[in-house]
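*Asks:* Sharing a structure, written as structure tokens. Questions coming.
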Amino acid sequence: MPLTISDELLMEAGIDESDARIEIACRLFDASRLSFAHAMRWAGLSRTAFEEALLERGLAIFRPTVEDLQQDLQTLDRLGG
């Protein structure tokens, strides 16, 4: 089912169709509703351009988990000896 956003609504928001796609993709990624790769493709941006779009909106690019932190701490322990 296609989603239609009227030109009037886009004009009222001060954005065009491309900006709307980027905004929606960023917000869906931030809400964990889309993976990074899917949001990036939906926005029609390269990886770096999508990362920049997230940063411009103050949104995190990476969301480390507790497991990520534990792995990092284990690696630091091994490296520190």
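The numbers here are math on the coordinates, done by the rules we state, and not lab data. It should be emphasised that the depicted structure is a prediction, and the values quoted were computed from it without experimental measurement. No Cβ is skipped: glycine too gets one built from the backbone with ideal geometry, and neighbour counts run over all protein chains shown.
*Asks:* Quick check: anything in region 36-55 free of Cβ contacts under 8 Å to residues at least 12 places away in the same chain and of a type in the set (K, R)? I'd like the intermediate steps shown before the answer.
*Replies:* First pass over region 36-55, keeping only residues free of Cβ contacts under 8 Å to residues at least 12 places away in the same chain: 37-38, 41, 46-49, 51-52, 55.
Next, only the ones that are of a type in the set (K, R) stay: 41, 47.
The answer is yes, given that some residue of region 36-55 is free of Cβ contacts under 8 Å to residues at least 12 places away in the same chain and of a type in the set (K, R).
*Asks:* Follow-up. Starting from region 57-81, take each residue that is free of Cβ contacts under 8 Å to residues at least 60 places away in the same chain and list its partners that are assigned to a loop (DSSP other than H, G, I, E, B), counting only C-beta distances under 9 angstrom and pairs at least six apart or across chains.
*Replies:* R63/S32; D68/F62; D72/P64
*Asks:* Right, next: Restricting attention to region 1-48, report how many residues are assigned to a helix (DSSP H, G or I) and either surrounded by 13 or more Cβ atoms within 10 Å (Cβ to Cβ) or not hydrophobic (A, V, I, L, M, F, W, C) (or both).
*Replies:* Looking only at that region, the number is 27.
*Asks:* Are any residues in region 50-81 surrounded by 10 or more Cβ atoms within 10 Å (Cβ to Cβ), out of contact with any helix residue (DSSP H, G or I) (no Cβ under 9 Å at 6 or more places or on another chain) and part of a loop (DSSP other than H, G, I, E, B), and if so, which ones?
*Replies:* Of everything in region 50-81, just one residue is surrounded by 10 or more Cβ atoms within 10 Å (Cβ to Cβ), out of contact with any helix residue (DSSP H, G or I) (no Cβ under 9 Å at 6 or more places or on another chain) and part of a loop (DSSP other than H, G, I, E, B), namely R63.
*Asks:* Give region 12-40 a look and list any residue that's among the charged types (D, E, K, R) and within 14 Å of A53 (Cβ to Cβ), or say none.
*Replies:* The answer is D19, R21, E23, R27, D30.
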